[in-house]
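Asker: Quick one: structure below, then a few questions.
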Ligand SMILES: Cc1cc2nc3c(=O)[nH]c(=O)nc-3n(C[C@H](O)[C@H](O)[C@H](O)COP(=O)(O)O)c2cc1C
């Protein structure tokens with residue numbers, strides 16, 4: 001019999017992740033959906049940076065970025081990524097590893113359209129991860145795209161989402177005397193059923 005009870009209970013790891021995030025939304029001072037996204041470059045050199053997790057789907061996690069960025073090159077190159085979410089206010093973390101594909105269809109259009117006008121124009125203006133001469137050069141670029149698109153900029157072709165379909169999800173919660181609770185959900189491929197194990201802290 002499983003001793004997965006309380007905050008770890010349930011048969012759907014995405015539902016657990018959603019529930020934990022909903023709790024964090026009440027307790028974190030800001031950006032409860034911030035994730036540290038890890039990738040590797042062509043030489044196997046790791047890289048990490050924060051991005052905002054925008055959706056927990058039935059079988060995947062979705063975030064958005066610039067397709068010209070370093071992370072996009074690394075995501076497209078390896079087709080794999082990992083991320084960790086840590087909520088200091090809850091003393092919990094969720095770790096995820098899996099396969100990534102681009103989300104550059106209607107869902108990306110819809111999300112882009114939901115962003116503030118300034119963010120939409122900013123996406124056009126920023127050549128993310130490329131050298132920038134000065135802050136003034138960036139503001140000049142913003143003025144240029146504002147003149148070009150006015151109040152209705154379309155989603156840039158170089159900006160969109162990634163969908164991470166996990167092969168592994170680990171839920172970790174702080175316990176007394178450093179005896180934390182850890183449960184890892186693993187599957188061999190996206191179609192397989194999950195195997196769930198409790199791990200030593
Ligand atoms: C809290 C936080 C949230 C962020 N969210 C995003 C995001 O959703 N998408 C994004 O492209 N960059 C986001 N960034 C900026 C990235 O951390 C990073 O600086 C940028 O994407 C360039 O990374 P790269 O050169 O590895 O591609 C965020 C930064 C912080 C601190």
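Asker: From the residues in the range 15-54 that are in a helix (DSSP H, G or I) and in contact (Cβ under 8 Å) with a residue 60 or more places away in the chain, which one is farthest from the ligand (Cβ to nearest atom)? Give the steps one after another, and end with the answer.
Answerer: Step one: list which residues in the range 15-54 are in a helix (DSSP H, G or I), which gives 15-27.
Remaining after also requiring in contact (Cβ under 8 Å) with a residue 60 or more places away in the chain: 16-17, 20-21, 23-24, 27.
Numbers: 16: 23, 17: 17, 20: 18, 21: 15, 23: 19, 24: 13, 27: 17 Å.
Once the filter is applied, the top-ranked residue is 16.
For every residue, the table says whether it meets (1) more than 16 Å from the ligand (Cβ to nearest atom); (2) exposed (fewer than 15 other Cβ atoms within 10 Å of the Cβ); (3) modelled with pLDDT under 95.
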site: 114; (1), (2), (3): no, yes, no
site: 117; (1), (2), (3): yes, yes, no
site: 120; (1), (2), (3): no, no, no
site: 136; (1), (2), (3): yes, yes, no
site: 151; (1), (2), (3): yes, yes, yes
site: 154; (1), (2), (3): yes, yes, no
site: 157; (1), (2), (3): no, yes, no
site: 164; (1), (2), (3): no, no, no
site: 170; (1), (2), (3): yes, no, no
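Asker: Run residue 177 past the list (1) modelled with pLDDT under 95; (2) assigned to a loop (DSSP other than H, G, I, E, B) and report the number of the one that doesn't hold.
Answerer: (2)
Asker: Now for a separate question. crowded, with 19+ Cβ neighbours inside 10 Å and either within 12 Å of the ligand (Cβ to nearest atom) or over 30 Å from residue 5 (Cα atoms) (or both): does that describe residue 72? Steps first, answer last, please.
Answerer: Values: crowded, with 19+ Cβ neighbours inside 10 Å: yes; either within 12 Å of the ligand (Cβ to nearest atom) or over 30 Å from residue 5 (Cα atoms) (or both): yes.
Judged against the criteria, residue 72 is a match.
Residue-by-condition table, conditions (1) at pLDDT below 95; (2) touching a helix residue (DSSP H, G or I) at 6+ places or on another chain (Cβ under 7 Å); (3) more than 22 Å from residue 173 (Cα to Cα):
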| site | (1), (2), (3) |
| --- | --- |
| 12 | no, no, no |
| 25 | no, no, no |
| 45 | no, no, yes |
| 71 | no, no, yes |
| 81 | no, yes, yes |
| 84 | no, no, no |
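The values are calculated or read from the model by the stated rules, or taken from the named source; none is laboratory data. For clarity, every value in this text was computed on a predicted model and none was experimentally measured. Please note: Cβ atoms are built from the backbone with ideal geometry, for glycine as well, and neighbour counts cover all protein chains shown.
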